[in-house]
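All remarks here apply to the structure that follows.
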Amino acid sequence: MLAKIKYPPFLAILAAALYALSTPFSKLLLGHVSATMLAALLYLGAGAGLLAARIVCPGLCAQKDAWPLSKDVLPYTVAMVLLDIAAPVLLMVALRTANAANVSLLNNFEIVATALVALMLFGEAISARLWVAIGLICAASMLLCLDSSDSLRFSAGSVLVLLACVCWGFENNCTRRLSAKDPLTIVIVKGFGSGLGSLLLACFIGEQFPQIIYLLCALLLGFVAYGLSIFCYIRAQRALGAAKTSIYYACAPFLAAGLSLLICRQAPSARFLAAFAVMAFGGWLASTDAQPACV
């Protein structure tokens, strides 16, 4: 039972493993589903799946000490939903043209965005070791963003991924303000709010619903990679704080990059391997940082 797991780092790592499924399988689905529509279906799958779990098995993810959502967190709830409309759409648009493994690795930039927002807006501490990790991840991200090794021009797809990470950095901190609330309710609100918002946007710009088989696959992927992942992430945030949870969650891009190389049958370039090594070192520095997450 997820609700009975008491070890927050395990929940953060489990969230990462589940989310790692998103990028390579989304890349495959984008051959049959338009970008904004896919973003909508992923979040609708998350919301609908966990709502069904609550109805069918009300004690499955019960949390007796959780508080219900209330008016005092309404601004954070609205911001969370709006940011979760923008970020997945940016990511899906990027995935249409960008290399899935590069996109997966660039998702590490979410650590940077989350930690800096946590520092500037909410006063969470960043140690010297974490600053070094942030610098390494930024350097590796810039390397991955280049169109080629002999060009200083950033690829459009990579820039969109970075913008998605910035949105998620803000969203992670908004979700942190809700982490004392019922996590299952948060994911259901996030799923239906962001999913319906993205669906309205998809319909407005003229995107069509996909064939039923691809629609169901997208909903299932959303339930596993977004719904269950977000639920575990929120539970971990409650104990660890936004910056520290994002550190444990940092293994998600590496897992996703490996899966992308396997599933999409892509050979890694020398630039990708160099960036992977730099990011792995940055991730190790971050994950072994002993600085408390909150002050």
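Quick look at the values:
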{"quantity": "Gyration tensor verdict on the range 105-241 (Cα atoms; rounded if a/c is under 1.5, prolate if a/b is larger than b/c, oblate otherwise)", "calculated": "oblate"}
{"quantity": "Exposure rank, largest accessible area first [167, 232; 1.4 Å]", "calculated": "167, 232"}
{"quantity": "Protection proxy ranking, peptides 125-133, 267-275, average beta carbon neighbours within 10 Å, highest first", "calculated": "125-133, 267-275"}
{"quantity": "Residue-normalised accessible area of the chain, expressed per residue, 1.4 Å probe, Å²", "calculated": "42 Å²"}
{"quantity": "Residue 171 - accessible surface, heavy atoms, 1.4 Å probe, Å² rounded to 10", "calculated": "10 Å²"}
{"quantity": "Residue 109 accessible area, assembled protein chains, probe 1.4 Å, Å²", "calculated": "30 Å²"}
{"quantity": "Sequence of 238, 96 from largest to smallest accessible area, 1.4 Å probe", "calculated": "96, 238"}
{"quantity": "Helix runs (DSSP H) in the chain reaching 27 Å along axis by Cα, Kyte-Doolittle at least 1.6", "calculated": "35-56, 74-97, 183-204"}
{"quantity": "Protein accessible area in the range 158-213, 1.4 Å probe - carbon and sulfur %", "calculated": "75 percent"}
{"quantity": "√(5λ) per eigenvalue of the Cα gyration tensor, the chain, largest first, Å", "calculated": "27, 25, 16"}
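The values are calculated or read from the model by the stated rules, or taken from the named source; none is laboratory data. Predicted, not measured: the structure shown is a model, and the values here were computed from it. Virtual Cβ from ideal backbone geometry, glycine too; neighbours counted across all protein chains shown. These accessible areas exclude ligands, DNA and RNA; they are computed on the full protein's heavy atoms, side chains included. Shrake-Rupley method; radii C 1.70, N 1.55, O 1.52, S 1.80 Å.
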